[in-house]
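Every number here is computed from the coordinates shown, using simple stated rules; none is lab data. These numbers come from a predicted model, not from an experiment. Heads up, the Cβs are rebuilt from the backbone with ideal geometry, glycines too, and the neighbour counts pull from every protein chain shown.
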Amino acid sequence: MAGVRVNVNVGVLGHIDSGKTALARALSTTASTAAFDKQPQSRERGITLDLGFSCFSVPLPARLRSALPTSHPAAPETGPEPGEPQLQVTLVDCPGHASLIRTIIGGAQIIDLMMLVIDVTKGMQTQSAECLVIGQIACQKLIVVLNKTDLLAEGKKQAAIEKMTKKMQKTLENTKFRGAPIISVAAKPGGPEAPETEAPQGISELIEVVKKVKSMQMFHMPVTSAMQGDRLGICVTQFDPKLLERGLVCAPESLHTVHAAIISVEKIPYFRGPLQTKAKFHITLGHETVMGRLMFFSPAPDNFDHEPVLNTFDFSREYLFQEQYLCKDLEPGSTGSDQATEKAGQATEGLYPRQQWALVEFEKPITCPRLCLVIGFRLNADIHANMCRLAFHGILLHGLEDKNYTESLLPKLRVYKLKHKHGFVERVIDDYSVIGRSLFKKETNIQLFVGLKVHLSTGELGVIDSSFGQSGKFKINIPGGLGPESKKILTPALKKRSRASKGEMAKQEEGAERQEPAQHVTLSLSFKRYVFDTHKHMVQSP
């Protein structure tokens with residue numbers, strides 16, 4: 001076990017000017033070429049523009065040593081005590097500016113633990129809240145760091161820290177980070193212009209908390225392989241670095257370029273408003289962000305309560321089209337909520353599917369691994385507004401790699417819309433036939449609906465037999481015949497016809513005046529139409 005180095009990636013996230021980079025500098029003993037805003041653009045603007053990487057090492061805690069396999073291969077140690085197992089903490093310094101949320105999301109996907117940095121004099125701010133939401137999606141553990149305690153009045157410092165600590169505890173109460181440690185520090189006493197001789201405050205206490213991390217990734221030094229999140233330096237001879245652009249390094253066949261994808265979807269509760277089908281969102285997969293148009297769907301209503309399946313998608317099942325994502329935070333009567341519930345075919349108010357999916361069609365192809373994290377957000381929202389721009393998250397379950405996926409793959413996706421039409425029985429022809437109206441428009445090709453079953457409000461089942469005249473009326477055959485009660489309701493029309501001459505009956509069939517039934521008998525027609533069926537077939541259950 002001598003020489004073992006255990007690595008854990010710790011993301012440093014928070015609102016702009018909360019002191020994230022200063023905290024990373026105070027903690028670090030080794031910096032990479034991308035650490036501490038070394039890029040000229042970052043220095044010019046005075047803010048972090050890209051991910052920064054640095055690290056520090058501490059002796060591996062005893063309980064973590066006992067968890068390591070005895071056959072763990074050794075690696076040369078570069079720390080102060082060669083041979084002693086080390087816990088290496090790689091700090092991933094993320095930007096804090098609202099416009100750089102894509103970079104923040106990318107950084108969050110490679111971390112094991114998140115340090116949420118809060119300016120103790122300001123508390124939670126807009127991007128602090130967004131970072132907390134990203135943390136809930138991307139990682140399992142959180143440390144809150146109350147920074148800039150040196151700016152508090154000396155006599156009121158402790159009271160102010162305790163007050164902010166209670167506020168943060170209340171903020172975390174309804175998240176999975178409830179009870180997370182909250183540490184107060186002064187990463188750069190005196191501010192950015194203060195002399196370097198000013199020692200940071202509270203750093204040793206923070207390191208003690210970081211050492212308690214349980215979720216970790218392993219790698220060895222020197223390395224023969226690397227994994228997502230590792231900071232890796234590669235020496236390439238006779239190579240001009242200006243020719244290299246940011247890209248992806250991967251094992252063969254691990255990444256795929258997709259034009260569309262089927263993803264699981266879970267709405268972020270803090271996002272205001274509905275997630276509607278056909279709406280466009282910025283979609284981040286891995287480190288790429290692209291615009292995508294969504295179509296939401298769920299299990300058939302009978303399967304709303306089925307256990308969610310998180311890592312596969314079954315093309316053999318049928319799915320119900322949704323006008324929008326269905327969730328409890330859409331209050332009854334709000335724009336679109338009632339219509340969406342009705343169109344989804346839900347029979348019980350307040351019934352929501354336990355799992356929902358979306359087909360995402362990207363504006364340009366995107367390269368990503370299967371089962372990668374997907375985050376949707378509104379990048380074009382006002383960055384100064386007090387609102388959450390993060391809309392939903394999920395997992396990429398199936399990527400559509402064929403450029404012509406609309407023809408080759410989408411027809412296999414059995415998403416259907418439930419269609420309901422309602423009309424009336426206009427009159428009876430005989431005991432086994434009636435004429436219906438108001439179910440179709442005048443210009444509808446009724447021939448397409450011939451053979452479909454309709455239900456009469458009196459209980460009989462009928463079958464559309466043919467069109468009748470030119471005004472959208474149609475003839476219905478009733479195989480079991482009209483029942484006695486139905487005949488009684490329709491008696492006035494029957495009597496009218498029994499007294500009519502053959503010539504008058506012919507006129508009636510052409511649409512002349514006639515007597516209506518004693519009360520309306522309604523007709524209802526229900527069928528499925530599959531969204532991606534090019535033939536637009538209408539299907540009814542047996």
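Once both labels are modelled 7 Å past Cα along the beta-carbon direction, what's the H306-E154 spacing in nm?
Taking the simple label geometry, H306 and E154 are separated by 6.8 nm.
When the chain is fully extended, how far beyond the present Cα-Cα distance does N445 get from T121, taking 0.36 nm per residue of separation? Could you put the intermediate results ahead of the total?
Working: separation 324, 0.36 × 324 = 116.64 nm, distance 6.99 nm.
Residue separation times 0.36 nm, minus the Cα-Cα distance, leaves 109.7 nm.
In what sequence do S471, S541 fall when counting other Cβ within 10 Å, fewest first?
Details: S471 11, S541 7.
Listing S471, S541 from fewest to most nearby Cβ atoms yields S541, S471.
Distances longer than 27 Å among the Cα atoms of the range 346-474: what percent of all pairs is that? Let's see the in-between values first.
Details: 4502 of 8256 pairs.
Summing the P(r) of the range 346-474 above 27 Å gives 55 percent of all pairs.
Between S438 and K412, what FRET efficiency comes out of the Förster formula 1/(1 + (r/R0)^6) with R0 = 56 Å and r the beta carbon distance, rounded to 0.05? Each step should come with its number before you reach the end.
On the way: r = 37 Å, r/R0 = 0.66.
The pair K412/S438 has a calculated efficiency of 0.95.
Quickly work out the K328-to-R178 label distance, labels modelled 7 Å from Cα along the C-beta direction, and quote it in nm with one decimal.
Going from the R178 label point to the K328 one covers 1.5 nm.
Run the simple label-point estimate for K453 and V209 please: 7 Å along Cα→C-beta, distance reported in nm.
Here the modelled spin labels are 6.4 nm apart.
Spelling out what I want: for every residue of the range 351-367, take phi, set θ = phi - 60°, compute 6.51 cos²θ - 1.76 cosθ + 1.60 (Karplus), and round to whole Hz; glycine and proline get x.
8, 10, x, 6, 9, 9, 10, 9, 8, 10, 10, 7, 6, 8, x, 9, 9
Based on alpha-carbon centroids, what's the gap between the range 385-414 and the range 418-469 in Å, whole number please?
39
Tell me, what ³J(HN,Hα) does each residue in the range 267-276 have, in order and in whole Hz, if you take phi through Karplus 6.51 cos²θ - 1.76 cosθ + 1.60 with θ = phi - 60° and put x for Gly and Pro?
In residue order, the calculated couplings are 6, 7, x, 7, 6, 7, x, x, 9, 9 Hz.
Going by C-beta contacts inside 10 Å, put V89, V434 in order with the fewest on the left. Please list the in-between numbers first.
On the way: V89 24, V434 28.
Ranking V89, V434 by Cβ neighbours within 10 Å, fewest first, gives V89, V434.
Could you pull out the pairs from K176/K267; K267/K419; K280/K536; K417/K475; K419/K488; K364/K417 whose alpha carbons sit more than 23 Å apart here?
Numbers: K176/K267 16 Å; K267/K419 27 Å; K280/K536 26 Å; K417/K475 26 Å; K419/K488 31 Å; K364/K417 28 Å.
From K176/K267; K267/K419; K280/K536; K417/K475; K419/K488; K364/K417, over 23 Å: K267/K419; K280/K536; K417/K475; K419/K488; K364/K417.
Given a Förster distance of 35 Å, report the FRET efficiency between T367 and R529 from their Cβ-Cβ distance, rounded to the nearest 0.05.
Details: r = 35 Å, r/R0 = 0.99.
Step by step, r from the Cβ atoms, then E = 0.50.
For S184, what residues show an amide H to amide H distance below 5 Å, using hydrogens built from the backbone and excluding near sequence neighbours?
L146
For C327, C388, C94, what ranking results if the residue with the fewest other Cβ atoms within 10 Å of its Cβ goes first? Write down the numbers at each step before the final one.
Values: C327 15, C388 19, C94 29.
The most exposed by this proxy come first: C327, C388, C94.
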